[in-house]
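The structure appears below as structure tokens.
The values are calculated or read from the model by the stated rules, or taken from the named source; none is laboratory data. In this text, all values refer to a predicted model and were calculated from it rather than measured experimentally. Glycine gets a Cβ as well: all are built from the backbone with ideal geometry, and neighbour counts include every protein chain shown. Accessible surface is based on the protein model in full, side chains and every heavy atom, while ligands, DNA and RNA are left aside. Shrake-Rupley method; radii C 1.70, N 1.55, O 1.52, S 1.80 Å.
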Amino acid sequence: MALTRPQIGFVAAGTALTLVLAVLVPALTPLVPPFVGYAGTMLLYWIGFCVPVFLVLVPPGRRRALFSLSLDARNRWVPLAIGVQVLAVAIGAFVPVLGALTALSLALAGAMALINGVLEEAAWRGTVIEAFANRPIAGFALGWALFTLWHVPLAMAAGTVYPGGPAALVGGAAGLGLFWSLIAWRTRTIGWIALAHIGTNFFAFSALNVENGWV
């Protein structure tokens, strides 16, 4: 069975994202302060990939439904599972930097977590669920793989220190992306995993701010 136009569009956009950023990030981020390079990379990613992919490939009538928090009886375990996952990240990433956190660092982490959590789930899980509804195995594999791969050029941002190193960034994206994708495809919604993503990013971005001395 050949891929549909939305499926081809998603794969092409995800592949182009990784390839373009793999060139731009190491070339341009050394020219600016580390925070500007990192934040600029994220902004380009949100505006150039996440938003257009979701708006172009997901029909308007389906967008709100994808963020549903409704669960049937067989999926009532999902809130507990994501709660445990977010708590694990908080213990591993947030607790060690508690003493160094400031109100500004928390505010910045919260803002970035909200934007990134919603937009990434919309693009990487919501769009894939919709576009690959007739090919869930292919959608699961492609969405997870491309989500993981885009973190490779992000790890190349000059001057940015990632807790655990670049391998932890990419490996964490792979592990969490797999977990969130399993839930997304099981529930066919992204509401709960968007909440998990926001919480995870809040704790991770807080640690990132401290490690880099940004705020």
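Computed over protein heavy atoms with a 1.4 Å probe, the accessible surface of the chain works out to 45 Å² per residue. Filter the chymotrypsin sites (Phe, Trp or Tyr not before Pro) in segment 1-104 down to the DSSP loop ones having no more than 11 other Cβ atoms within 10 Å, then list what survives. Passing sites in segment 1-104 are TRP77.
Checking every one of the trypsin sites (Lys or Arg not before Pro) in segment 6-79 against DSSP loop status and a limit of 12 other Cβ atoms within 10 Å picks out ARG76. May I ask you to give the average projected area over all directions of the convex hull of the Cα atoms of the chain, in nm² rounded to one decimal? So the mean shadow area of the Cα hull is 11.6 nm². Taking only Cα atoms and a 10 Å spring cutoff, compute GNM fluctuations for the chain and point out the largest among PRO34, PRO163, PRO96. Per the Cα network of the chain with a 10 Å cutoff, PRO96 tops the list.
Ordered by packing density, taken as the mean number of other Cβ atoms within 10 Å over each peptide's residues, highest first, how do 189-196, 15-22, 177-184 rank? Don't jump to the answer; show the numbers that get you there.
Values: 189-196: 23.8, 15-22: 16.1, 177-184: 19.6.
Per-residue Cβ counts within 10 Å, averaged per peptide and sorted highest first, yield 189-196, 177-184, 15-22.
The charge dipole of the chain, taken about its Cα centre with unit charges on the Cβ atoms of Lys, Arg (+1), Asp and Glu (-1) only, comes to about 660 debye.
Given a 1.4 angstrom probe, I'd like the percentage of the accessible area of segment 112-213 that is carbon and sulfur, rounded to a whole number. Intermediate results must be reported in sequence, preceding the final value.
On the way: 2540 of 3360 Å².
Within segment 112-213, the accessible surface is 76 percent carbon and sulfur.
Across all directions of projection, what mean area in square nanometres is found for the Cα convex hull of segment 145-204? Intermediate values should be presented prior to the final figure.
Values: hull surface 16.8 nm².
That works out to 4.2 nm².
Springs join every pair of Cα atoms under 10 Å in this Gaussian network model of the chain, and among ALA155, ALA122, ALA138 the largest mean-square fluctuation is at ALA138.
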